[in-house]
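Peer 1: My structure is below; once you've seen it, I'll send some questions.
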């Protein structure tokens, strides 16, 4: 298990952002049973204090996304859409794009103007 102190500030911010984006998307698009998210590589509660409830599909996607983020060989990490190495494979790539687009727009509509900068960057 990776120690939380081994995770850089940038990685921590990226993990929090990815978790928020997936949580927003899941909350507004998926009904049914949701369980608290946990991650086997480190204690996720040290990064994000609030409990994140997700459906099974979103849990799988977030686990894959966090794993890819931690394994990213680039420092600093480029935006995924501008990266030479495409980490997201198969069904995950279109799904994460859909989630990023949807959740980014939701956050912009709710006053997160800094997301506009990131969106057009």
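Peer 1: Based on the Kirkwood radius over alpha-carbon pairs, what value in µm²/s does the Stokes-Einstein equation return for the translational diffusion coefficient of the stretch 4-120 at 25 °C and 0.890 mPa s?
Peer 2: After rounding, the answer is 165 µm²/s.
Peer 1: Rounded to the nearest 500 deg cm²/dmol, what is the calculated helix-only ellipticity per residue at 222 nm for the chain, with -39500 (n - 2.57) per DSSP H run of length n ≥ 4?
Peer 2: Rounded to the nearest 500, the figure is -17000 deg cm²/dmol.
Peer 1: Follow-up question, since we're still on this one. At what distance in angstrom do the alpha carbon centres of the stretch 72-108 and the stretch 7-24 lie from each other?
Peer 2: The distance from the Cα centre of the stretch 72-108 to that of the stretch 7-24 comes to 12 Å.
Peer 1: Something else about it: Only counting other Cβ atoms within 10 Å, I'd like 22, 47 sorted with the fewest neighbours first.
Peer 2: Lowest count first: 47, 22.
Peer 1: Oh, and also: Using every alpha carbon pair in the stretch 27-92, what percent of pairs falls into each 10 Å bin from 0 up to the bin containing the largest distance?
Peer 2: 17, 43, 34, 6
Quick note: the coordinates plus some simple rules give every number you see, no bench work behind them. Please read all numbers here as calculations on a predicted model, not as lab measurements. All Cβ positions, glycine included, derive from the backbone under ideal geometry; neighbour counts span all protein chains shown.
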